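Q: The structure follows.
What follows draws every value from the coordinates through simple rules; no lab data is involved. In this text, all values refer to a predicted model and were calculated from it rather than measured experimentally. Note that each Cβ is placed from the backbone with ideal geometry, even for glycine, and that neighbours are counted across all protein chains shown.
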Amino acid sequence: MSQIAASIAAPGPRSCPRNTAACPIMRRFITHAPQSPPRQHPSVTAKATQQSSRDKEEAVTKDYLSEWAEQAGVVFPKLTQAFFGELRGGKALAGIEPDEVFVTVPRAAALVVAPNERCPCPEFVDAAFYKEAPWFVKMAVLLLWERSKGRKSSVWGYIEQLPSSIDTAVRWEEPEIAELQYQPAIKEIKQQQASWRKHYSSFCAAMQPGGGKFSWDDFVWAAENVRSRAFSGPYTGSSVGDKARTLGLVLGVGGGYALWQQLPLEQVLNGFISVLIFNIIYDALLSRKLKWYALCPVVDALNHSSFVESDVAYEYFKDTFVLSTKTSYQAGQQVFISYGAQSNGSLFQYYSFTEPNNPNDVYAFEASLGGRPVQLVVNAKGSFTAECQVAAREALGPAVSDEQLRQALLSAAEAELAGKPSSAADDERLLQTAHLMAPRQRAAVEFRLEKKRVLQRAIARSRKRLSKQQPAAAT
């Protein structure tokens with residue numbers, strides 16, 4: 001998905017098919033949406049956790065890994081969950097080589113939302129509501145439905161180890177959101193709050209009698225976990241196992257018909273093979289158009305880094321999700337995956353953390369150039385995007401020189417930075433005593449400081465380029 005000006009929208013899924021000799025159809029899944037503390041970047045300090053809560057969490061995690069995951073067929077011999085300081089993540093138990101598959105999750109052990117599927121829980125929620133709901137609401141409904149079953153759920157162990165509370169910005173009050181000092185993020189979060197309230201109201205109205213009652217906090221818990229942990233990828237249709245069962249029935253009926261009509265067996269088998277090939281080719285074509293979404297146990301507990309490359313793929317013929325990475329790890333090291341190329345706006349809104357020196361970050365703002373409002377976007381390196389430079393040149397007029405354009409962009413960036421309620425230096429001083437700050441205040445300061453640093457790089461870069469142009473013009 002191309003980088004958008006607001007820099008805060010939920011990351012879109014990207015399809016990257018990959019073929020191997022062993023698994024001819026394998027579809028890559030990319031992290032979709034966004035935000036629990038266990039998924040924070042290691043350089044971001046999380047909220048302090050009481051030892052009693054940590055002990056309880058470790059006990060639940062141990063039960064989840066040793067009992068449920070093993071029964072569910074989830075395989076991860078070189079990985080375990082562990083605490084790194086105050087953050088929970090994945091730790092390598094043995095060396096992991098680049099491109100080595102080190103986590104395997106059967107599709108049956110994951111929560112999956114497929115396109116155009118029938119409502120799997122019509123006794124829980126109205127099927128018409130489920131059909132029209134966006135994908136993350138569907139998965140949130142499935143998560144609440146499975147949680148309501150307790151240990152009778154096929155994914156009980158996975159649900160029990162999910163964070164019981166996630167303090168994302170959708171829960172924040174307006175004065176707390178204002179502390180972000182970044183209008184695109186403020187606007188997106190307010191829109192998210194209003195949208196989720198509407199989805200919650202629709203969900204409550206669609207509940208079936210006897211389905212139970214769920215509070216706003218219940219809904220937010222489910223939606224936050226979904227948006228922060230789900231992966232998406234090209235839809236491959238029903239699994240090859242499902243097709244084999246269906247085609248087996250077809251072959252059985254066809255065989256009976258062949259005996260009745262005294263047809264050659266070869267003719268019947270040719271028809272069977274044609275149907276099989278058609279289904280596989282159809283799935284390959286289908287995967288180019290539709291997306292599906294999955295919550296994958298173990299995989300979604302790993303922390304993010306923009307500086308690693310990882311691959312969550314679906315193996316069609318094995319009906320499993322697999323995880324590999326381009327980075328090697330030694331025993332004892334924390335294992336990271338990438339949630340995709342996401343700006344800090346997206347990471348903050350959906351994953352509840354800010355990544356320092358994020359190479360995918362942007363700063364978007366509106367400036368008045370030539371008497372016209374222009375949307376300007378600066379990338380992580382401090383360069384104004386080509387698109388916004390074109391827009392700025394059009395606003396300033398056809399006679400504008402390159403030097404005048406750069407000066408106008410520099411002035412716009414300087415004015416934007418100067419208009420902040422606090423300076424970058426002020427924020428840095430606040431973070432020197434971060435332990436004295438409330439968690440939300442600290443999160444807001446960390447976010448806005450990284451955004452200001454993007455602007456500072458743009459200002460420094462523009463000044464440097466202008467200083468090189470001026471002596472040249474003088475000569």
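Q: 7 Å from Cα along Cα→Cβ at both Ala194 and Val308: what's the point-to-point distance in nm?
A: 3.9 nm
Q: With a point put 7 Å past each Cα toward its Cβ, work out how far Glu428 is from Ala94 in nm, to one decimal.
A: 4.7 nm
Q: Once you sort the root eigenvalues of the Cα gyration tensor of the range 388-475 as a ≥ b ≥ c, which label holds: rounded (a/c under 1.5), prolate (a/b larger than b/c) or oblate (the other case)?
A: Because a/c hits 1.5 or more and a/b exceeds b/c, the range 388-475 counts as prolate.
Q: If you don't mind, another one. Whole Å is fine, so just give me how far the alpha carbon centre of the range 75-92 lies from that of the range 120-191.
A: 25 Å
Q: Which of rounded, prolate or oblate describes the range 72-221 when judged by the alpha-carbon gyration tensor and an a/c cut-off of 1.5?
A: Here the range 72-221 falls in the oblate category.
Q: If you don't mind, there's one more thing I want to ask. Which peptide among 359-367, 415-423, 296-304 comes first, and what is the full order, when sorted by highest mean count of other Cβ atoms within 10 Å?
A: 296-304, 359-367, 415-423
Q: Between the DSSP loop rule and a limit of at most 16 other Cβ atoms within 10 Å, which trypsin sites (Lys or Arg not before Pro) in the range 106-199 are left?
A: Arg118, Lys149
Q: If one computes the Cα centroid of the range 397-460 and of the range 297-372, what distance in Å separates the two points?
A: 23 Å
Q: Here's another thing I want to ask about it. Could you tell me the calculated FRET efficiency between Ser154 and Cys204, based on Cβ-Cβ distance and R0 = 30 angstrom, to the nearest 0.05?
A: 0.70
Q: If we count every other residue with Cβ under 9 angstrom of Ala434's Cβ, Lys/Arg +1 and Asp/Glu -1, where does the sum land?
A: Working: positive: Arg442; negative: Glu446.
Net of charged neighbours comes to 0.
Q: In this model, which of Lys152/Lys318; Lys420/Lys468; Lys213/Lys452; Lys187/Lys468; Lys78/Lys198 are farther than 32 Å apart at the alpha-carbon? Can you show the working numbers first?
A: Details: Lys152/Lys318 26 Å; Lys420/Lys468 29 Å; Lys213/Lys452 44 Å; Lys187/Lys468 38 Å; Lys78/Lys198 43 Å.
The pairs that break the limit, which is 32 Å between Cα atoms, are Lys213/Lys452; Lys187/Lys468; Lys78/Lys198.
Q: Related question: Between Ala460 and Lys420, what length comes free when the chain is fully extended (0.36 nm per residue of separation minus the Cα-Cα distance, one decimal in nm)? All intermediate terms of the calculation are to be shown ahead of the outcome.
A: Values: separation 40, 0.36 × 40 = 14.40 nm, distance 1.77 nm.
The span from Ala460 to Lys420 would gain 12.6 nm if fully extended.
Q: Three principal axis extents, largest first, for the C-alpha atoms of the range 326-475, in Å?
A: Extents along the principal axes, in whole Å: 59, 39, 30.
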